[in-house]
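The values are calculated or read from the model by the stated rules, or taken from the named source; none is laboratory data. Bear in mind the structure is a predicted one, so any value in this text is a computation, not a measurement. We place every Cβ from the backbone using ideal geometry, glycine too, and count neighbours over all the protein chains shown.
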Ligand code: ADP
Ligand code: MG
């Protein structure tokens, strides 16, 4: 099953003389069980691509499908995102006044799940990724790696099986980054789909495919099994 599909997608930021053509006709599909890494220089359109795949943004032309749904036909993108898409932002966006478990519960509560069941679901995901011990701590009381886990738990909670991560290993040391990749890989192997932006070949090696972006276009796609031994 295809979880997200971009068909000839272009995105222009701004207009007139200052318009930036961030993506210029990109086609890409991510299937169930697949981990796809996106690499490319700064400004090549990686975050723009992820925002479109995650229904945070709409294309200027072309079509984005999340599951079977054409984004153009969806009025409430926020509700679609909460239900279908988990997003790990570059700066994490944890809410500082909420504890770890409350951060993870939030998307479920916004979707109408009552606090009791929402907490149960959140604790289950935190345990799955080995962060149950920090559930009652606030973000500022956590290490970088722990914060990253909480952000990933928040992206995974509920039935969402499409996970988008923009350099989730950015500020982490290598063992923690490897651990995060193991988590993402395990989640994929259990039937999720992951689209991951990374600068590090080390982490891209965990992917099934690496898509290289350059100037808003896909310049290459590599099947990682052909170039590396995981
Ligand atoms: P990457 O994540 O690969 O660094 P981005 O997708 O963030 O690239 O940006 C691609 C291009 O689009 C860059 O030239 C960037 O400056 C521009 N851009 C991104 N977002 C906006 C925006 N909201 N308004 C104007 N230009 C933008
Ligand atoms: Mg970026």
Please go through region 110-135 and give me each residue that is in a loop (DSSP other than H, G, I, E, B), surrounded by fewer than 17 Cβ atoms within 10 Å (Cβ to Cβ) and under 23 Å from the mean Cα position of the chain (by Cα), ordered by number. 111, 112, 130
Single residue of 25, 54, 16, 40 found to be over 14 Å from the mean Cα position of the chain (by Cα) and closer than 27 Å to residue 169 by Cα: 40
Which of the helices (runs of 4 or more DSSP H) contained wholly in region 136-214 include at least 1 residues that are within 12 Å of the chain's Cα centre (by Cα)? 144-156, 174-189
What about residue 191, is it more than 16 Å from ligand 1 (Cβ to nearest atom), over 20 Å from residue 28 (Cα atoms) and at pLDDT below 90? no
Filtering region 157-179 down to residues that are at pLDDT below 85 and either buried (at least 24 other Cβ atoms within 10 Å of the Cβ) or within 16 Å of ligand 2 (Cβ to nearest atom) (or both) yields 168, 169, 170, 171
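Being in a strand (DSSP E or B) and either within 14 Å of ligand 1 (Cβ to nearest atom) or on the phi > 0 side of the Ramachandran plot (or both) is the filter here, so list the residues in region 215-230 that pass it.
217, 218, 219
Results for (1) in contact (Cβ under 8 Å) with a residue 60 or more places away in the chain; (2) touching a strand residue (DSSP E or B) at 6+ places or on another chain (Cβ under 6 Å); (3) within 28 Å of residue 12 (Cβ to Cβ), shown as yes or no for each residue.
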{"residue": "191", "(1), (2), (3)": "yes, no, no"}
{"residue": "197", "(1), (2), (3)": "yes, yes, yes"}
{"residue": "200", "(1), (2), (3)": "no, no, no"}
{"residue": "203", "(1), (2), (3)": "yes, no, no"}
{"residue": "207", "(1), (2), (3)": "yes, yes, no"}
{"residue": "210", "(1), (2), (3)": "yes, yes, yes"}
{"residue": "215", "(1), (2), (3)": "yes, no, yes"}
{"residue": "218", "(1), (2), (3)": "yes, yes, yes"}
{"residue": "226", "(1), (2), (3)": "no, no, no"}
Looking only at region 2-30, and only at residues there that are in contact (Cβ under 8 Å) with a residue 60 or more places away in the chain and exposed (fewer than 15 other Cβ atoms within 10 Å of the Cβ), the one that is farthest from ligand 2 (Cβ to nearest atom): 2
Return the total of residues in region 37-80 being free of Cβ contacts under 8 Å to residues at least 40 places away in the same chain, more than 8 Å from ligand 1 (Cβ to nearest atom) and either in a loop (DSSP other than H, G, I, E, B) or surrounded by fewer than 16 Cβ atoms within 10 Å (Cβ to Cβ) (or both). 13
